[in-house]
Every structure is written in C-alpha cells, then in structure tokens.
Amino acid sequence: MWPAWAAVGALILAAAFLLRVAVHAGRSPGGVDTWYYLAYADAFRARPGLDVRLPQYLLQDERQSYPPLFPMFLALLPKSWLRRWFWAVSPAIDCAHLALLYWLAFKITASLPVAAVTGCLYAFTPHLVAETRSLNGRSFGALLHSVAMVLALRFVSYDDPWPWLPVALLAGAAVLLASATSSSGYGFACLVLSVVFGDARYFLVAAGSIALAVILSGGHFLRVVRNYLQAVEYWRRNRRLFGAHPIRHSPVYGAGASADPPPVRPGFLGGSLAQEMLRLLGENPFILALPFAPKGVPPWGTRLYWWSVGLVFLSVLATLLPPLRAFGPGRGYLKAAVFPTAYTLGVGIGTVRGFEDPVGVATLLCLLASVAAIGFFYLYSRRQVTERTASVPGGLARAVRQLASLPEGGFLCLPYMYADYACYHSKKPVVWGGHCGDLRPLEVLAPVISRPIPELLREYGARYVLIDTLYVDPAELGLHGQFEVLGRWASFVLYAIRS
C-alpha cells in the first residue's frame, strides 16, 4: 500500500494532468508551435547534430538557430508515438515539474500538509494550464530552470562543491540551450540571489553555465544568442505595429491601404498597459499573495522566497517596458516563478497559522480567482472560431489533405498560425518563417503584408493560397481574376495562382 505522501501526490498529479488536457476534449489537438517542433525533431532524427536544416520555411534561415535541446529530446521519442500523443508531452513535462516541487517541499519540511498545499497551488496556476495546450519548449525550459536553481542552491547553501557544482553548471547550460525566457529568468534569479545575500557564487554559477553551454554545443550557443538579438532587433523595428492585423493594417490591402488606416489594437488583453497587467495577474493570481508570505526558514526558505520575488519582479518589469518583450510578454517569466512561489506560499501557510493567517486568506482568495481564470480559459478556447490555439479545425485538416495531393509548389496560409500545421502535413514549402535567424525576410508578411501576394508567390516559387474566410474575406486580397478556386472545406478556401 502506498504511503500517505505518495497517494496524495498521485492525486494532485492526476488532477493537474486532467486540468491541462481537458481543453482538448472532443476536439482534434493542435497548437501554434507544435508542428514546427515536430518538423525540427524529424529533421534531427534523420540527421543527428546541431546543423539542423528546415528548407520548407521560405522566409527564415534554412539552418536552425532556435534553442535545440527540446526538439532533440522530442527526437528521442518514437516518431509514430509522438505524432499521435504530442498533445500529452507538455502536460506530462509540467506534471514532472510538479512532482519535483511536491517531493522537494515534503523533503525539506517533512510536512504532508505543506507539500499538498504547495502541489495544489502549482496544479491550479492558470498560466500553466493555458501554456501546456500546445507542444512547445517552455514547460521543458521551466523544468530545467528549477532543476538548475535547486542545484545551485544546494551547492551554495552547503558549500559542497562536489558533485553539486559540476551538476549545477551542467543543468545551467541545459537551461541556456532550451528556452529563452527560462534562460533570462535563470540569469536574473542568480543575480538577485547574489545581490540580496552578498554571495557572488550564484552569479558565478550562471556565468560558468554560459561558458559550458558554448563549449558543449561547439559554439552553437552563440548562434542561439544571435537569434535572440535578431528577435530584439525585429521588434525594435516593428514596435509600432505590435498587435497589428496583417491585412487590415497592410499598406497594400484592407483599410491600412487608405490614407487614414485604423489604429493598431492588440488582441486579447494586450492593448493598454492596464490590460497587460490585468492579464499578468489573471494568469497567476498567486503573486498577489506573495507580499503576505514570510521569508522562510534559512537556508532553503529564504533563497526560494527571493528567487520567487526576483522572477515576479522581472515579469512585471518586462510588462511595463515594451523593449523587454522581445522574448515574449512579461507573463512568460511567470512560468519559472510558479515553482518558488508555490513553495513559499505553501510553507507560509503550513508553518504559521494555516488559512487563518493573512497569507492563508490571501492564498485562498487567489485560489478561487485561479479556478475562475481556468474556467474562463476553457470557455475562451471553446468559443474561438478562427486562430484556434488548442485545436485543429476540421475544414483545415481536409483542405491540407487536398493541398498535399496537388502538384509541387509552395503556399501561403492565412492566418499564419495555421502555416506550420499545413506545412508539416502537406510536405510543401510555406511562405512563412519567424522561428529563427534573420527576420528581415519575414517583414514582407509580418507584422503586416507589405507586398502584393501574387508578387510574393512568384518570387518564392509558390502557387497556392490557403485562407480561413472567418479570418479574412478573400475579396480584401483581390484574389479573384489572378487565382482560381480549387476547393472549399467549411470556412477554408484553397486557391491556385493562374500561370
């Protein structure tokens, strides 16, 4: 019979996994980044090494400079299994992260209630439930981030260099080769700990991890860093168009072609600074309870407290300062902050006066807000009619099967978020990119279309256009006359340019 701590942990893990996959119930799982990672994993599996090439993306560098560790991990999984169960990978990784947190909380405090509260807070964080709807490297990077930080804490707190320093450096190097946001959070958290505790070893571990990442990758990490800098430069050039509609704000098509184009209004809670902050808090309400939490018992408690505070501060700072959004919105850093935040709140509740203390009351209110936010996420995902982020529309799947059967030639897909899916399943090159490398070629399409579509297709040797009419009216693009309709499937229409 299982011990009590294992049985409770198993129940929490099961609930967390179900929360993360429930969004797919009754629908075909999809995701925005899923198909790029599957294509990367296929290419690595066919030709192992860091020189991975994806020539099917016509608007980005053929050689990939995206952090390679996650697609390399995916390549270790059987291809047939991965294509069928890809939707379970990110939730499973996130649950492994939860298991590590639960075990660590129980090991440090020897308290089942503390471990249970800590695990439940992690399980019910809205940001984690929403982020795992798609196959991406962020959950993987967050797990490595926590492992690297825990190992660094173990080394510094007990001044025990062997074997903790080598494994801490190796884990830090893995973070740097896995995820941009997790890497930035790792470096920032180490810097905060060094400043708060007056101990340079945290920062030196992060610096040593950078050197090790360069060595172990044979210099490929420098390409990854350059890739980050190119993303920063892309958004510096296009900051005024952040959130623009590719067609309606285009200088060639839509209202953007007029002398007085419509103002750019970013999508879901991404407009004003107040909206950005509201979404930040909505994705992790527990950060509102953090100011009520005690700083913990040294050495672990105080370190995890400041680790959490540092990452929450970085999330807020990256939300307030638009130039820092090059790695994604500020709320992206919350993923790595959930681990220490849940621990800090769990210990604060379990070692003071439970839910009668201000930290307990605040955490309970935040838990209720989290449940409401998760429900809102489910409802929002179900009501999406286009640009679906969690599922594949049936019409899209049928249209792509038709596209795969057509003669050779690349294609353009609108909206762009379906481009990776269509490229992966049709085996045809796509006039798209943006995943890595020099992003200047992408600027013909994003943030807005800046050249006529027929001209673009001819330049890149493409001949097809796949459009979701719920996203844009083909009449806005003037496709009649120069294009012929090859078929319609629900809201999707497939066109071919006339020779």
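The values are calculated or read from the model by the stated rules, or taken from the named source; none is laboratory data. Nothing here was measured: the structure is a model prediction, and the numbers come from that model. Positions of Cβ are backbone-derived with ideal geometry, glycine not excepted, and every protein chain shown enters the neighbour counts.
Quick notes on this one:
- Scanning the range 464-494 for residues that are part of a strand (DSSP E or B) and either in contact with a Lys or Arg (Cβ under 9 Å, 6 or more places away or on another chain) or under 22 Å from Gly434 (Cβ atoms) (or both) gives Tyr464, Val465, Leu466, Ile467, Asp468, Phe483, Glu484, Gly487, Trp489, Phe492, Leu494.
- All of Leu151, Leu144, Leu204 fail the test of being in the same structural domain as Tyr333 (by TED's automatic domain parsing), in a helix (DSSP H, G or I), under 26 Å from the mean Cα position of the chain (by Cα) and surrounded by fewer than 24 Cβ atoms within 10 Å (Cβ to Cβ), apart from Leu151.
- The set of residues in the range 119-135 that are of a type outside the set (Ser, Thr, Tyr) and farther than 17 Å from His24 by Cα comprises Gly119, Cys120, Leu121, Ala123, Phe124.
- Those residues of the range 211-236 which are surrounded by 13 or more Cβ atoms within 10 Å (Cβ to Cβ), farther than 30 Å from Pro166 by Cα and of a type outside the set (A, V, I, L, M), in sequence order: Gln230, Glu233, Tyr234, Trp235
- Among the residues of the range 54-113, those that are among the hydroxyl-bearing types (Ser, Thr, Tyr) and outside any helix (DSSP H, G or I) comprise Tyr57, Ser65, Tyr66, Ser111.
- Given (1) without any contact (Cβ under 8 Å) to a residue 12 or more places away in the chain; (2) closer than 19 Å to Gln56 by Cα, index of the condition Gly437 fails: (1)
- Residues in the range 100-130 that are without any contact (Cβ under 8 Å) to a residue 40 or more places away in the chain and in contact with a helix residue (DSSP H, G or I) (Cβ under 9 Å, 6 or more places away or on another chain): Lys107 only.
- Inspection of the range 419-426 finds no residue satisfying the criterion of being over 22 Å from the mean Cα position of the chain (by Cα) and either among the β-branched types (Val, Ile, Thr) or modelled with pLDDT under 95 (or both).
- Scanning the range 357-400 for residues that are in contact with a Ser or Thr (Cβ under 8 Å, 6 or more places away or on another chain), surrounded by fewer than 21 Cβ atoms within 10 Å (Cβ to Cβ) and assigned to a helix (DSSP H, G or I) yields Ser381, Gly394, Gly395, Ala397.
- Search result, residues across the range 401-417 that are under 26 Å from Arg248 (Cβ atoms), in a helix (DSSP H, G or I) and in contact with a strand residue (DSSP E or B) (Cβ under 7 Å, 6 or more places away or on another chain): Leu403
- Which listed residue is buried (at least 17 other Cβ atoms within 10 Å of the Cβ) and over 21 Å from Pro441 (Cβ atoms), from Ala41, Ala4, Ala22: Ala41
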